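J.: Attaching a single structure in structure tokens format; questions to follow.
The values are calculated or read from the model by the stated rules, or taken from the named source; none is laboratory data. Just so we're clear, the structure is a prediction, and the values are computed from it rather than from any experiment. Note that we place each Cβ from the backbone using ideal geometry, even for glycine, and neighbour counts take in every protein chain shown. Please note that ligands, DNA and RNA were not included when accessible areas were found on the heavy atoms of the full protein model with its side chains. Shrake-Rupley method; radii C 1.70, N 1.55, O 1.52, S 1.80 Å.
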Amino acid sequence: MQILSFLGFTILVAVISYLATRKTAETSSDGYFLGGRSLTAGVIAGSLLLTNLSTEQIVGLNGSAYTSGLSVMVWETLAAIAMVVAAVYLLPKYLKSGLTTVPGFLEKRFDVTTKTLTSILFLTGYVVVLLPVILYSGSLAISGMFDIPTLLGVTHTQSIWICVWGIGIIGSIYAVFGGLKAVAVSDSINAVGLLIGGILIPFFGLLLIGDGNLFDGLNILVTENPEKFKSMGSKTDPVPFYTIFTGMMLVQLFYWGTNQQIIQRALGAKNLKEGQKGLLLASFIKILGPLIVVLPGLIAYHIFEGSLETADSAYPMLVKKVLPQEWVGFFAAVLFGAILSSFNSVLNSSVTLFGIDVYKQHINKNADEKTIVKYGKTFGVILAIAAMCIAPLIANAGSLFDYLQEINGIYSIPILTIIVVGFTTKRVPAIAAKIGLISGCLLYIISQFFLQPYFINTALAEAKLNGIIEASELALIESQAYPHFLDVMAILFVLNILIMLIIGKLKPREIAYSQEYTKQVNISPWKYVNQVSIIICVIVIGVYIYFA
């Protein structure tokens with residue numbers, strides 16, 4: 001029954017997505033990469049939410065909550081403010097220039113080489129980090145919910161390989177052959193199901209704790225686990241409170257304002273008004289995110305008494321424990337849709353970057369739109385296969401969510417830096433952007449892969465020589481041995497900006513940059529954008545203060 005309901009819902013979404021895009025054969029680059037610039041606010045909001053709210057979030061963040069408590073909710077609450085900034089400030093600038101990719105702005109502001117370097121950075125990050133994490137976390141969830149090892153008589157590792165390739169092949173068909181509109185339509189349908197299903201998990205979990213009474217369950221959860229309900233993270237937590245004011249907001253701004261996989265939805269808007277409404281609707285719903293990606297982790301900690309072998313298994317184990325059997329198939333289908341959404345989104349963005357910024361620019365400058373789409377699809381298939389091969393190999397990477405965020409810093413902060421300087425200055429030259437990209441990447445790699453292990457290992461070795469063996473004391477020593485990765489991001493962000501500004505002072509552009517309006521998209525703003533933005537920011541701050 002579970003398998004039938006899973007297959008039924010999955011096939012239904014696929015059919016609806018096909019019918020919705022059948023009349024707009026996406027053989028042109030605009031149609032394929034931007035959905036013909038026809039996306040409405042509702043489709044944009046649904047697609048944004050599901051692109052973000054996938055298993056690397058649901059499984060990974062609930063795993064972090066299982067270990068560290070409520071403090072990890074900052075990844076959700078601050079996202080809403082970052083989306084407001086993207087809607088009010090960044091999107092009007094993107095649409096004014098009629099951009100199809102974020103690196104496309106860098107070509108106009110700096111030069112072609114800067115655009116190409118940025119596209120390569122995006123693509124490298126997607127294939128080495130993001131796509132494999134999405135596939136692995138999704139496989140972990142599906143394998144756990146359906147107990148694939150028992151069902152097929154295979155080992156846990158084999159079940160992960162099976163799920164990775166199953167998800168990867170289906171996701172590739174959606175993203176590579178359907179284009180952005182097919183992805184966005186399926187996202188919107190799945191988003192509704194995921195919000196409903198996601199809220200049902202903590203609902204049934206609290207009912208189980210409270211012996212049938214929801215409020216008794218919540219009271220027991222809070223009363224018996226007070227240490228888990230502190231929103232201000234300590235020095236040893238994954239997100240110490242002070243990092244909100246250092247690198248956390250930078251990560252959020254990069255993800256929601258400059259990351260191709262996310263902002264491409266808004267770039268496909270019919271006009272600025274629809275794009276702004278879509279971003280703000282998504283940001284408002286994002287405030288409810290902790291109910292889906294944090295609370296279940298806390299419930300799992302209480303129900304399983306902190307005894308699970310790995311924190312990242314908390315969510316799939318909780319679903320299996322509390323969800324009525326007749327609901328499991330439906331929820332698995334919705335979760336499967338969320339997995340596909342993130343995978344599709346990243347893959348479609350990769351195809352877009354390669355087709356427009358690499359193939360058209362450097363390989364075949366005279367290629368027509370059909371040829372660009374054709375070779376973009378071919379690249380997408382190769383990328384998907386590479387990601388499917390890498391995904392099972394990250395099983396021993398530790399916390400999925402922490403791993404994802406830290407590794408992303410290699411390219412996220414350098415890219416954010418040159419975009420910020422590009423928008424806020426007029427005379428900083430292209431050479432400054434290239435140096436900023438290269439120095440940002442190299443300095444972060446040296447910091448996190450060489451300096452950090454050295455200082456931490458030295459500090460821990462010295463502590464053990466002094467007879468310190470208590471886990472909590474060692475954790476504190478480790479946290480003090482080297483700056484948090486979010487602090488490192490903030491330091492390098494400021495350093496890179498200073499480097500670029502100094503170069504701009506010593507060797508400025510001959511002609512000041514001026515952004516031109518291409519008139520491809522109507523950029524009249526939504527008349528309530530400022531009022532709604534203020535309301536969202538006030539709610540976010542209020543929620544955080546209340547839980548603090």
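J.: Please find, within region 382-428, the residue that is farthest from residue 57 (Cα to Cα) out of those that are modelled with pLDDT under 85, in a loop (DSSP other than H, G, I, E, B) and of a type outside the set (Ser, Thr, Tyr).
T.: 396
J.: Let me ask you something else. Could you please let me know if residue 244 is under 22 Å from the mean Cα position of the chain (by Cα), surrounded by fewer than 24 Cβ atoms within 10 Å (Cβ to Cβ) and β-branched (Val, Ile, Thr)?
T.: Yes: the conditions hold for residue 244.
J.: For region 507-517: of the residues being touching a helix residue (DSSP H, G or I) at 6+ places or on another chain (Cβ under 7 Å) and under 10 Å from residue 97 (Cβ atoms), which is surrounded by the most Cβ atoms within 10 Å (Cβ to Cβ)?
T.: 515
J.: When the residues of region 313-327 are filtered to those that are within 22 Å of the chain's Cα centre (by Cα) and modelled with pLDDT under 85, which remaining residue is surrounded by the most Cβ atoms within 10 Å (Cβ to Cβ)?
T.: Within region 313-327, the match that is surrounded by the most Cβ atoms within 10 Å (Cβ to Cβ) is 316.
J.: If you go through region 63-90 one residue at a time, how many are touching a Leu at 6+ places or on another chain (Cβ under 9 Å), over 30 Å from residue 268 (Cα atoms) and in a helix (DSSP H, G or I)?
T.: Of the residues in that region, 6 qualify.
J.: Has region 298-312 got any residue that is under 27 Å from residue 542 (Cβ atoms), open to solvent by less than 40 Å² (accessible area, probe 1.4 Å), in contact (Cβ under 8 Å) with a residue 24 or more places away in the chain and under 18 Å from the mean Cα position of the chain (by Cα)?
T.: Checked against the condition, which is being under 27 Å from residue 542 (Cβ atoms), open to solvent by less than 40 Å² (accessible area, probe 1.4 Å), in contact (Cβ under 8 Å) with a residue 24 or more places away in the chain and under 18 Å from the mean Cα position of the chain (by Cα), region 298-312 yields no hits at all.
J.: Looking at (1) within 26 Å of residue 518 (Cα to Cα); (2) at pLDDT 85 or above; (3) buried (at least 20 other Cβ atoms within 10 Å of the Cβ), which is the only condition residue 78 fails?
T.: (1)
Residues checked against (1) assigned to a helix (DSSP H, G or I); (2) charged (D, E, K, R); (3) touching a strand residue (DSSP E or B) at 6+ places or on another chain (Cβ under 8 Å):
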{"site": "307", "(1), (2), (3)": "no, no, no"}
{"site": "313", "(1), (2), (3)": "yes, no, no"}
{"site": "320", "(1), (2), (3)": "yes, yes, no"}
{"site": "344", "(1), (2), (3)": "yes, no, no"}
{"site": "356", "(1), (2), (3)": "yes, no, no"}
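J.: Which condition from (1) part of a helix (DSSP H, G or I); (2) farther than 30 Å from residue 427 by Cβ is the one that residue 497 breaks?
T.: Going through the list (1) part of a helix (DSSP H, G or I); (2) farther than 30 Å from residue 427 by Cβ, residue 497 breaks only (2).
J.: Just checking, which of 462, 473 is over 21 Å from residue 403 (Cβ atoms), in a helix (DSSP H, G or I) and modelled with pLDDT of 85 or more?
T.: The conditions single out 462.
J.: Can you name the number of the only condition in (1) aromatic (Phe, Trp, Tyr); (2) within 17 Å of residue 89 (Cβ to Cβ); (3) open to solvent by less than 10 Å² (accessible area, probe 1.4 Å) that residue 255 fails?
T.: (3)
J.: Pick out the one residue from 336, 330, 284 that is of a type in the set (Phe, Trp, Tyr), surrounded by 21 or more Cβ atoms within 10 Å (Cβ to Cβ) and over 15 Å from the mean Cα position of the chain (by Cα).
T.: Result of the check over 336, 330, 284: 336.
J.: On to the next question. Can you pull out every residue in region 195-214 that is open to solvent by 60 Å² or more (accessible area, probe 1.4 Å) and closer than 20 Å to residue 284 by Cβ?
T.: 196, 199
J.: Looking at region 221-232 only, could you name the residues that are part of a loop (DSSP other than H, G, I, E, B) and either touching a His at 6+ places or on another chain (Cβ under 9 Å) or open to solvent by 10 Å² or more (accessible area, probe 1.4 Å) (or both)?
T.: 225, 229, 230, 232
J.: Check residue 146 against each of (1) at pLDDT 80 or above; (2) in contact with a helix residue (DSSP H, G or I) (Cβ under 8 Å, 6 or more places away or on another chain); (3) more than 29 Å from residue 418 (Cα to Cα); (4) not acidic (Asp, Glu) and name the one condition it does not meet.
T.: Residue 146 satisfies all of (1) at pLDDT 80 or above; (2) in contact with a helix residue (DSSP H, G or I) (Cβ under 8 Å, 6 or more places away or on another chain); (3) more than 29 Å from residue 418 (Cα to Cα); (4) not acidic (Asp, Glu) except (1).
J.: Can you tell me which residue in region 523-538 is most open to solvent (accessible area, probe 1.4 Å), limited to those that are assigned to a loop (DSSP other than H, G, I, E, B) and free of Cβ contacts under 8 Å to residues at least 40 places away in the same chain?
T.: Applying the filter and picking the extreme gives 527.
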